[in-house]
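Shown next, in structure tokens, is the structure this report addresses.
The values are calculated or read from the model by the stated rules, or taken from the named source; none is laboratory data. Here the structure is a predicted model, which means the values were calculated and not measured. Virtual Cβ from ideal backbone geometry, glycine too; neighbours counted across all protein chains shown.
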Amino acid sequence: MMELDLLVLLSICLLQAGAVESCTEGFMSHDLLTAKAEQITSSVESSVTRLAESQPTRWIFGYDFIPKPSCNSSHVITGLVLGVDIRTVTESRNEYPLFEVWRISNGNPAYYYKQQNISVVLTPANFSTNGTYKFMFSRSISFNSSTRLGIYQPANGNSVVRFYTVRQSIDIDLLRVKAADINNDPLVYSTNFNTWRSFNVIMHPITEPNDDCFQGFLSQNDVITNSSGITRITRVTNEVRAFLDIRFTCNGTIKNIILGTLRFENHYPLIQLKRSSQLINVLRPNITGATNISTNLYNVSLINPVEVKPNDILVIDSSNDARMYYQQYNGPLNYEIENHNGELELEPLD
């Protein structure tokens, strides 16, 4: 079944009181929109790969990821910046990965003891418009030179949230717990691990009062850069979709629409607004006359600007074989619009 928590390849330029205002919610950031539009036709192999496998896996970040000496006992871990994908929960897909804290034994550093774990619970309601997620802990975590961080990834078919990795030019000390020992505690370096990997997890531990207290992890900027390669582009036709979480928050006027698409599609979708029980047509784009911003990205000016009001939500009508491009996963839940005796009702797509 196709996942229907999609993020539309679209942004809208809004004029309010004579000046451009930020009163839209849920539309793609321009940087992510640019990156995803390129993927519509790109054949370049991504350096990003999902961590989830057919069976659960557990990983510990080894010596290459130890705390930096410059961070003293007053520093704490407050959360994570993550490059993940998030899928809808189903009867069988209902597990979440774990962020784990381990410590090595002072008497014998070959022994790893688990101290705590935190479930990384994210849902389509937490969708990201820039491709990354900031997951903050309810309580900060203290650490010292004996601290080692880790993650547990449920099996691919069962996991709502999936970690991703990016290729490295050198091997790093990323420890994979052997399948037979995955639930053991303590773990012994020489017998329970497979060591050295040519990839890194797209994750950054947030530390305070100074960030970047753990060596080896990707920087926040690197997490953002690599996250754009996690999701794929999917094309949807012959559906009318409403996005309750993509909406307007002020009175204004739509002057331009920035759209990720191909120049020579046979039919383009109709972009609409849902206001109470009314559907308002905004534009059926004419890409031929649009301004090409970058690869597969077009700025379309409206000949007749459209007024918007707070709580207007986005609707995309791709019926009659019109093609609309979406980012698969990491978007809000989508809804199908049904007309019942003149009343517009929203049915969740699942």
Note on region 85-95: residues charged (D, E, K, R) and crowded, with 17+ Cβ neighbours inside 10 Å are Asp85, Arg87, Glu95
Only one of (1) out of contact with any Ser or Thr (no Cβ under 6 Å at 6 or more places or on another chain); (2) closer than 21 Å to Phe214 by Cβ; (3) at pLDDT 95 or above does not apply to His75, and that is (1)
Selection over region 189-213 where residues are hydrophobic (A, V, I, L, M, F, W, C), modelled with pLDDT under 95 and on the phi < 0 side of the Ramachandran plot yields a count of 1
Exercise. Say whether the condition of being in a strand (DSSP E or B), touching a Gly at 6+ places or on another chain (Cβ under 7 Å) and not assigned by TED's automatic domain parsing to the domain that holds Gln168 is met by at least one residue in region 199-206.
Key: no
Verdict on Arg284 being within 30 Å of Val84 (Cβ to Cβ) and either over 25 Å from the mean Cα position of the chain (by Cα) or among the basic types (Lys, Arg) (or both): no
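Would you mind finding the one in Leu82, Leu98 that is crowded, with 20+ Cβ neighbours inside 10 Å, hydrophobic (A, V, I, L, M, F, W, C) and modelled with pLDDT of 95 or more? Show your work before the answer.
Details: Leu98 fails: crowded, with 20+ Cβ neighbours inside 10 Å.
Exactly one residue qualifies, and that residue is Leu82.
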Residues of region 258-310 being within 20 Å of Thr237 (Cα to Cα) and touching a residue at least 60 places away in the same chain (Cβ under 8 Å), in sequence order, are Ile258, Leu259, Gly260, Thr261, Leu262, Ile271, Lys274, Leu279, Asn296, Leu297
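Gly150: at positive phi and either in a strand (DSSP E or B) or surrounded by 14 or more Cβ atoms within 10 Å (Cβ to Cβ) (or both), yes or no? Step through it out loud before you land on a result.
Details: at positive phi: no; either in a strand (DSSP E or B) or surrounded by 14 or more Cβ atoms within 10 Å (Cβ to Cβ) (or both): yes.
It is false that Gly150 is at positive phi and either in a strand (DSSP E or B) or surrounded by 14 or more Cβ atoms within 10 Å (Cβ to Cβ) (or both).
Examine region 223-236 for a residue that is part of a strand (DSSP E or B), crowded, with 16+ Cβ neighbours inside 10 Å and not acidic (Asp, Glu), and state whether such a residue exists. Spell out how you get there, then give the answer.
At the first step, the residues of region 223-236 found to be part of a strand (DSSP E or B) are 232-236.
Imposing the further condition that a residue be crowded, with 16+ Cβ neighbours inside 10 Å reduces the set to 233, 236.
Now drop any that are not not acidic (Asp, Glu), which leaves 233, 236.
Yes, some residue in region 223-236 is part of a strand (DSSP E or B), crowded, with 16+ Cβ neighbours inside 10 Å and not acidic (Asp, Glu).
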Going through (1) part of a loop (DSSP other than H, G, I, E, B); (2) farther than 18 Å from Ser142 by Cα one by one, Trp59 fails only at (1)
Filter region 68-79 for residues that are more than 27 Å from Gly131 (Cβ to Cβ) and crowded, with 17+ Cβ neighbours inside 10 Å; the one that is nearest to the chain's Cα centre (by Cα) is His75
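Residue by residue through region 185-199, note down the ones that are crowded, with 17+ Cβ neighbours inside 10 Å and either over 19 Å from Thr49 (Cα atoms) or out of contact with any strand residue (DSSP E or B) (no Cβ under 8 Å at 6 or more places or on another chain) (or both). If you could, list the steps in order and put the result at the bottom.
Within region 185-199, the first condition is being crowded, with 17+ Cβ neighbours inside 10 Å, and the residues that meet it are 187, 189, 192-193, 197, 199.
Passing the criteria: Leu187, Tyr189, Asn192, Phe193.
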- Message: If I filter region 146-162 for residues that are more than 22 Å from Arg197 (Cα to Cα), among the hydroxyl-bearing types (Ser, Thr, Tyr), in contact with a strand residue (DSSP E or B) (Cβ under 9 Å, 6 or more places away or on another chain) and at pLDDT below 95, do I get at least one hit?
- Response: no
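Being of a type in the set (Ser, Thr, Tyr), assigned by TED's automatic domain parsing to the domain that holds Lys36, within 16 Å of Gly26 (Cα to Cα) and at pLDDT 90 or above narrows it down to one of Tyr335, Tyr326, so name that one.
Working: Tyr335 fails: at pLDDT 90 or above.
When all the criteria are applied, what remains is Tyr326.
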Checked region 107-132 for anything part of a strand (DSSP E or B) and either in contact with a Lys or Arg (Cβ under 7 Å, 6 or more places away or on another chain) or surrounded by 22 or more Cβ atoms within 10 Å (Cβ to Cβ) (or both); matches are Tyr112, Tyr113, Gln115
Query raised in the report: Among the residues of region 176-184, is there at least one that is closer than 17 Å to Asn117 by Cα, surrounded by 20 or more Cβ atoms within 10 Å (Cβ to Cβ) and either in contact with a Leu (Cβ under 9 Å, 6 or more places away or on another chain) or modelled with pLDDT of 95 or more (or both)?
Result: yes
